[in-house]
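Before any comments, here is the structure.
The values are calculated or read from the model by the stated rules, or taken from the named source; none is laboratory data. Just so it is clear, the model here is predicted, and its values are computed rather than measured. Backbone-built Cβ (ideal geometry, glycine too); neighbour counts: all protein chains shown.
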Amino acid sequence: MNRQTLSRATAATLLGVAVLAGSGKSHAADADDVKATIDEFHAALGALDIAKIDAVWAHDDRVMNKEPVAKTVTLGWEGTRKNFQGLFDATAELTVTQVEGPHIQVQGDTAWAMGIAFAGQKLKTGQVFGLAVFEADVFKRQNGRWLYVSHAASVQTPPQ
């Protein structure tokens, strides 16, 4: 191989590496973006703001949601949104604070996370609750944004 051919091959290889390196986000950056979506979701719950909930969820029939005190899984965006609106209509105050995790994994345009949060709720009736909640979530990247497609939350029972 002559010197000119070698130089061209080296330049092409370096260009290819540069293109590949700059073509996508790192796993850590994607995980940070998923964490931001989780934080936005918790903030939307705390704000009792359905428009903010809308912003972090996919809006299709494949969405699944199970809230801590629910006895069934809600399928589809319409039912999920209706459940959040019902929660907001009955709630005077709600706080959600992450206490463990979230532990996030990303593979392509799919991500999943698990963590434990503390949820404090005051109903409009005056009842007050405080619960440790286990959360398991699935996200999809859609138009460059990570959106919830599944959220399962259950009450953590204190150890005996």
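Suppose we keep only residues that are assigned to a strand (DSSP E or B) and β-branched (V, I, T) within the range 110-148. Which one would you say is farthest from the chain's Cα centre (by Cα)?
In this case the residue turns out to be V128.
Kindly indicate which of V96, V106, V138, V149 is more than 20 Å from H27 (Cβ to Cβ) and among the β-branched types (V, I, T). Give the steps one after another, and end with the answer.
Details: V106 fails: more than 20 Å from H27 (Cβ to Cβ); V138 fails: more than 20 Å from H27 (Cβ to Cβ); V149 fails: more than 20 Å from H27 (Cβ to Cβ).
Of V96, V106, V138, V149, the one residue that is more than 20 Å from H27 (Cβ to Cβ) and among the β-branched types (V, I, T) is V96.
Are there any pairs, at least 6 apart or on different chains, whose C-beta atoms fall under 9 Å, with the first in the range 78-95 and under 14 Å from H59 (Cα atoms) and the second assigned to a helix (DSSP H, G or I) and of a type outside the set (D, E, K, R), and if so, which?
T80/I53; R81/I50; R81/I53; F84/A44; F84/L45; F84/I50; F84/I53
In this structure, does T110 turn out to be out of contact with any Asp or Glu (no Cβ under 9 Å at 6 or more places or on another chain), surrounded by 13 or more Cβ atoms within 10 Å (Cβ to Cβ) and either hydrophobic (A, V, I, L, M, F, W, C) or touching a residue at least 24 places away in the same chain (Cβ under 8 Å) (or both)? Before you say what the answer is, go through the steps one by one.
On the way: out of contact with any Asp or Glu (no Cβ under 9 Å at 6 or more places or on another chain): yes; surrounded by 13 or more Cβ atoms within 10 Å (Cβ to Cβ): yes; either hydrophobic (A, V, I, L, M, F, W, C) or touching a residue at least 24 places away in the same chain (Cβ under 8 Å) (or both): yes.
For T110, the condition - out of contact with any Asp or Glu (no Cβ under 9 Å at 6 or more places or on another chain), surrounded by 13 or more Cβ atoms within 10 Å (Cβ to Cβ) and either hydrophobic (A, V, I, L, M, F, W, C) or touching a residue at least 24 places away in the same chain (Cβ under 8 Å) (or both) - is met.
Hey, can you tell me all the residues within the range 54-71 that are among the β-branched types (V, I, T) and modelled with pLDDT under 95? First the steps, then the outcome.
So in the range 54-71, the residues among the β-branched types (V, I, T) come out as 56, 63, 69.
Of everything in the range 54-71, just one residue is among the β-branched types (V, I, T) and modelled with pLDDT under 95, namely V69.
Failed condition for V19, given (1) buried (at least 18 other Cβ atoms within 10 Å of the Cβ); (2) modelled with pLDDT under 95; (3) among the hydrophobic types (A, V, I, L, M, F, W, C), with all others met?
That leaves (1) as the condition not met.
Give all pairs with beta carbons closer than 8 Å in which a residue from the range 55-70 that is under 14 Å from F41 (Cβ atoms) meets a residue that is of a type in the set (D, E, K, R); count only pairs at least 6 apart in sequence or on separate chains.
A55/E40; V56/E40; W57/R81; A58/K140
Sort out which residues of the range 72-84 are of a type in the set (S, T, N, Q) and either surrounded by fewer than 18 Cβ atoms within 10 Å (Cβ to Cβ) or part of a strand (DSSP E or B) (or both), and write them in order of number.
If the condition is that a residue be of a type in the set (S, T, N, Q) and either surrounded by fewer than 18 Cβ atoms within 10 Å (Cβ to Cβ) or part of a strand (DSSP E or B) (or both), then T72, T74, N83 are the ones that fit.
Mind counting the residues in the range 55-71 that are within 22 Å of L94 (Cα to Cα) and part of a loop (DSSP other than H, G, I, E, B)?
Selection size over the range 55-71: 5.
Do we find that A44 is surrounded by 10 or more Cβ atoms within 10 Å (Cβ to Cβ), at pLDDT below 95, within 23 Å of the chain's Cα centre (by Cα) and under 17 Å from A117 (Cβ atoms) in this structure? Let's see the steps before the verdict.
Numbers: surrounded by 10 or more Cβ atoms within 10 Å (Cβ to Cβ): yes; at pLDDT below 95: no; within 23 Å of the chain's Cα centre (by Cα): yes; under 17 Å from A117 (Cβ atoms): yes.
No, not satisfied.
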